[in-house]
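For reference, the structure discussed in these notes is given below.
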Amino acid sequence: MRLYRSFKATAAVCSLLLVGACGMFAESSTSSSSSGFNPPDIEAQSKLGPTEGQVNLVSWAGYVEDGSSDPKADWVTPFEKRTGCQVHNQVAASSDEMVKLMKSGSYDALSASGDASLRLIASGEVAPVNTDLVPNYEDVFFGLKEQSWNSVDGKAYGIPHGRGANLLMYNTKEVSPSPMSWSAVFDDASKYKGQVTAYDSPIYIADAALYLRETRPSLDIENPYALDQEQFDAAVDLLKKQHADVGEYWSDYLKEISSFKSGDSVIGTTWQVIANLAESEGAKVKAVLPQEGATGWSDTWMISAKAKHPNCAYKWMDWIISPKVNAQVAEYYGEAPANIKSCDETSDPAFCDTFHATDEGYWKDIAFWTTPIEQCLDGRENIKCVPYAKWVQAWTEIKG
């Protein structure tokens, strides 16, 4: 899973898109139904009470900064002064670790990715969220609201934090012509044998499924996270074939940058912020969104069903997506912010353009991480899809 996705964004190169022209005010058409997925019946908090004096969080590194890592990155101290809620944060190295920590009952809220959120919802570890108690939720991009990874049948189970796409990065000197398809790392990967890099996570199986959705229509793949056995086997077979050409599976962004700088890697998956940093350090690279689209990640602040400090947790969720703070986190971490108004608060006026924050058309081509479960998320009935536990097992087999 993701390991310490914490880093600062570098300067962008494009001008900011006009917010009114980007379509972020249109309601999302993505279905929020999980098709037969019935989580435990837990009620959302109805109103806020007095704050409890502290809040215990689980987060990705870079999301809860108090100035100790970087004096310029501190949005925890002003929150504590404003609310009286002292923040205690536990950084998690993976979604699996986040799930384990939340099951301990010691934490009030976490920044869950889509490959963890449904697991937490299904097990009753998190409660629905009353968005009326989070005033800044009103300004969250519609493309992040009521999605399959953070809602069930229209009921919100969290507050969107930010989003990013898993792009294709290549060495502009070594790879020609410029790739426009994921075929460069799948069917044509042998051209770059030993210099292909891929993301090190079971959720990467969805990248193969997304590619097969476009190139093998006979498989009838609609949702790369909703795979029946035949579809799943096809994706696993493709990744086993790719394994022979992969030089490195990456989870540490610094290692990927180093690998592209040294020439050990010339093509593979990446994030926009990694491409920016690699280019700023002299690597001849470019990142593109291939014609098939891409997978991506959207993180959600979720509240524990056992939260001992729920009022402070709600205050934190509203604070972290407030325009200025959400802009700070997005720039420090390297992602598109969740709040529409954050684009007016970034220190780099071109930041939101570089990360496509306001371009809802761009995000329609992104299949965001969603926990695979037996109930097929694409709406199919009378058939079982392959659950996440088997994705984990298959990933071990793929890597040998």
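The values are calculated or read from the model by the stated rules, or taken from the named source; none is laboratory data. All values derive from a computational prediction rather than experimental measurement. Cβ coordinates were reconstructed from backbone atoms using ideal geometry, including for glycine residues, and neighbour counts include every protein chain displayed. With ligands, DNA and RNA removed, areas are computed over all heavy atoms of the protein, side chains included. Shrake-Rupley method; radii C 1.70, N 1.55, O 1.52, S 1.80 Å.
Observations, loosely collected:
- C-alpha long axis of helix 323-333 to longest principal axis of the chain, angle in °: 40 degrees
- Those lysines that a straight Cα-Cα span of less than 23 Å connects to Lys72, excepting residues fewer than 8 apart in one chain: Lys8, Lys81, Lys315, Lys324, Lys341
- A simple count of charges around Asn150, restricted to other residues whose Cβ falls under 15 Å of its Cβ and scoring Lys, Arg +1 and Asp, Glu -1, yields -1.
- Dipole-positive endmost among His243, Gln229, Ala307 within region 223-324 (Cβ charges, Cα centre): Ala307
- Solvent-accessible area per residue for region 78-155 (1.4 angstrom probe, square angstrom): 36 Å²
- Carbon + sulfur, % of accessible area of region 55-206 - ligands and nucleic acids excluded, 1.4 Å: 44 percent
- Peptide ranges 127-134, 380-387 listed from the most packed, as the mean C-beta count within 10 angstrom indicates: 127-134, 380-387
- Relative contact order of the chain, pairs being alpha-carbon contacts under 8 Å that are 6 or more residues apart, as %: 29 percent
- Largest-first ellipsoid semi-axes for region 202-291, taking √(5λ) over the Cα gyration tensor eigenvalues, angstrom: 29, 14, 11
- Once divided by 2.2 N^0.38 Å, the Cα radius of gyration of the chain becomes 0.95.
- Across region 264-345, the fraction of Cα-Cα pairs farther apart than 18 Å, rounded to a whole number, is 59%.
- Seen from all directions on average, region 95-193 presents a Cα convex hull projection of 9.7 nm².
- Computed over the alpha-carbon pairs of region 329-384, the distance histogram in 10 Å steps reads 20, 36, 21, 17, 6, 0 percent, short to long.
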